[in-house]
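Okay, structure first, notes after.
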Amino acid sequence: MPDSTPSLEKPVRVRFAPSPTGYLHVGGARTALFNWLFARHTGGTLILRIEDTDFERSSEEMVEGILVGMRWLGLNWDEGPFYQSKRLDLYKATAQKIIDAGHAYACFCTKEELEQRRAQATAAGRPPMYDRRCRKIAKEEAERRVAAGESAAIRFAVPEGGSTSFDDAVFGKVEFANAEIEDFVLLRSDGIPTYHLSVVADDIDMRLTHIIRGADHISNTPKQVLQYRALGAKLPVFAHVPLILGPDKTRLSKRHGATSVISYKQLGIVPEAFRNFLSLLGWTPGNVKDADGKDREIFSSDELVKLFSLGGISKSNAVFDNDKLAWFNTEYIRAYPAELLMPLIEEEWKQAEFTPTRSETEIHQAIELLKPRARNLKDFAIAFRAYFSDEFEIDPAAAAKFLTSDVPVLLKELSARYAAVTEFTEASTEAVLRGFAEEKGLKAGVLINGARVVLTGQGVAPSLFAVMIALGQQRVVARLAAKLA
Ligand code: GLU
C-alpha cells in the first residue's frame, strides 16, 4: 500500500481544529484520531486549535466538551489549545499581505446590496456569485475610502480563468475551475476573519505539514490553495478522509442515534474499544490477518500507531455500524483483566451512586466471572449489583418466572444445607443442590433457576456454582433464606 510518509523531509506537524459550536461528534473524533495516529506514528506534533471565531455559536462549555471527549479517547495533544479568537491580529496582517501581493481587495458592498443582487441572480437563473464590482475600484481610491472610515470587507481576487488544483493524499489530484470559485471574503467589515482566512493564516503560522480532515472540506481547499499561492507559502499535504454514513447510507446525524462521543461513554463503551472501532472507519491497516485468516480488527493503541499510514485511508465513505461497535465493546471487556476494567467500572458506580461493600479481591473475582456476559460497562453498575453489595433488587420478571409455588420454601431448606457444610467449592455446592433435588423428587433446574434469582437478582447469570463461590458461603446461606425470612 502506498505510504505518503517517506516524503517527509520535515518533522510532521498536524492539527485538530474543531469549531466549538457543538459537542465532539463522531466525525470530529475520527479526524482527531487520525491526526493523533499520524503524529504518533511519525514522531510528529499534534496541535489543538479551537476555531471559535463564530462568537455567537461558540461557547466555553462546548470547548470543555471537546476536551473531555478527547481525553476520554486518550488523544493527547502536544501544543495548544490555541484559540482563534485570540489571534485576530494575525488574520488582519495576513489579509493585508494578500492585498499587498495584489490578490485581495476591499469590498464596500453592503449586506443588503449583496442580498438583493443574490436574489436577482437566483431569479434570473444565474449562479448567485459575487459580481466582483469592487474589484474594479482602483487601489488608491479603495485605500482612501477605507482611510475615511468607510466600512469594507476584504475579498480574495480569484483568477478569472484556469483552474486550481492540489494533490490529495487520499483522493489524488483534485481540480476546480476558477470560474466556479467566487471572490470569497477573507475578512469581514467588522474585522472578523472568515474560516477561509483564519485556517490558512494559522496553518502557515503553525508550520503545519499535513492537513488531515473530513472530505466535506474538499470544496474549501481550492480557496485555501489560492491563498497559499498568493502568500508565496508552500502547500501542506492535504489528506481528506471519507465521510461517515449511518446504516441507511445517508450522512451520519442525530437521526441515527447518538453522535456525540460522550454519549458513547454514557452508554458504557470502553474508550479503547471506541477508539479501535473509530480507527477502522475509513482506514484499513492493509493485509493484517488473524490466526483464522480473517482480516484482523482488534488492535491495541500501540499497534494502531505502528500501522497507521495516510495510504491506508480509503476514498469510499465509511458506515457507522452500532452492532459492530457493540461487538468491539464486548471483545474489549472480555479481554481486559479486572485491574484494567476497575477504573472504568468505578466510574459507572459513581454515576449510578452505587457503593460496593465487598473487598477488592472479591470484586476482582466477580468481575472476572461476569465480564464474558457484560454487554457494556453499565451492566456492572446495574444488572450485576448483587455481586458487589448486598443491596440489590430482584428483577420482578425473573422472580415471577422462577420463584413460583414452593420454590422459596425449598430454597430456605437448601440454605440450611449450605449452612451445615464445611466444604464450599463449585463441586461440593453442586453436589449438595443435586442431592437435595433428588431427595425432594424435583428437577435440579427448578432449584438452580430459583437460586440464581435470589442470589443475583437476575434470571440469567454465569454458572450458578461459580456464582456461589464468588459470593461466598455466608452470603449464599443468607440470600437463599431471605425470601422467607
Ligand atoms: N473548524 C473546522 C471544522 O470543525 C475544521 C477546519 C479544518 O480542518 O480545516 O469543521
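Nothing in this text is a laboratory measurement; each read-out follows from the coordinates by a stated rule. Quantities reported herein were computed from a predicted structural model and do not represent experimental measurements. Positions of Cβ are generated from backbone atoms using ideal geometry, with glycine treated the same way; all protein chains shown enter the neighbour counts.
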*Label points 7 Å out from Cα along the Cβ direction at V421 and T110: separation in nm?*
9.1 nm
*asked:* Please identify the DSSP H helices in the chain that span no less than 27 Å along the helix axis (Cα) and have a mean Kyte-Doolittle hydropathy of 1.0 or more.
replied: none
*What fraction of the DSSP beta bridges in the chain is antiparallel, stated in percent and rounded to the nearest 5?*
55 percent
*May I ask you to derive the FRET efficiency for A177 and N322 from their Cβ-Cβ distance with R0 = 56 Å, giving the value to the nearest 0.05?*
0.85
_Could you check the spin-label model distance between E56 and R255? Points 7 Å from the Cα along Cα→Cβ, value in nm._
2.6 nm
*Spin-label proximity, E368 to the range 416-455 - amide N less than 20 Å from point 7 Å beyond Cα toward beta carbon*: 424-430
*asked:* Quick check: Cα centre of the range 232-267 to Cα centre of the range 361-396, how many Å?
replied: 34 Å
_Calculated P(r) of the range 346-386 - Cα pairs past 17 Å, %_ = 23 percent
*In terms of the ratio Rg/(2.2 N^0.38 Å) built on C-alpha atoms, what value belongs to the range 26-122?*
1.51
*Work the Kirkwood hydrodynamic radius out for the range 383-471: mean of 1/r over every pair of different alpha-carbon atoms, inverted, in Å.*
13.2 Å
*In nm, spacing of pseudo-spin labels at K294 and S389 (7 Å Cα→C-beta vector)*: 3.8 nm
*Within the range 441-485, what residues put their amide N at less than 17 Å from the label point 7 Å along the Cα-to-Cβ vector of E413?*
441-451, 480-485
*Any idea which of I212, L325, A39 is furthest toward the positive side of the dipole for the chain, if Lys and Arg beta-carbons carry +1 and Asp and Glu beta-carbons -1?*
I212
*For the chain, just give the cysteines left without a disulfide-compatible partner, judged by no other Cys Cβ under 4.7 Å.*
C109
*Based on the Cα atoms of the chain, what semi-axes does the equivalent ellipsoid have, where each is the square root of 5 times one gyration tensor eigenvalue, given in whole Å with the largest first?*
64, 23, 19
*With charges only on Cβ, +1 for K and R and -1 for D and E, what is the dipole size of the range 193-341 about its Cα centre, in debye, rounded to 20?*
560 debye
*Can you give the charge dipole size of the chain about its Cα centre, rounded to the nearest 20 debye, using +1 on the beta carbon of Lys and Arg and -1 on the beta carbon of Asp and Glu?*
840 debye
*Take each of the peptides 190-196, 111-117, average the number of other beta-carbon atoms within 10 Å over its residues, and list them starting from the highest.*
190-196, 111-117
*Positive end of the charge dipole of the chain (Lys, Arg +1 and Asp, Glu -1 on Cβ, about the Cα centre): tell me which of A119, A416, A104 has its Cα farthest that way.*
A119
*Which value, in debye to the nearest 20, gives the size of the charge dipole of the range 1-102 about its Cα centre, when Lys and Arg are +1 and Asp and Glu are -1 at the Cβ?*
240 debye
*Which loop-located trypsin sites (Lys or Arg not before Pro) does the range 176-275 contain, where loop means any DSSP state but H, G, I, E or B and the Cβ has at most 11 other Cβ atoms within 10 Å?*
K234, K249
*Using the count of nearby Cβ atoms within 10 Å as a rough guide to exposure, how do L231, L24 rank from fewest to most?*
L231, L24
*Calculate, in nm to one decimal, what D78 and S151 gain on full extension: separation in residues at 0.36 nm each, minus their alpha carbon distance.*
22.3 nm
*In cubic angstrom, how much convex hull volume per residue do the alpha carbon atoms of the range 128-201 span?*
125 Å³
_Can you find, among Q474, Y228, I363, the residue sitting farthest towards the positive end of the charge dipole of the chain, where Lys and Arg contribute +1 and Asp and Glu -1 at Cβ?_
Y228
*asked:* In 10 Å bins starting at zero, report the fraction of Cα pairs in the range 92-175 per bin as a rounded %.
replied: 15, 35, 31, 16, 2
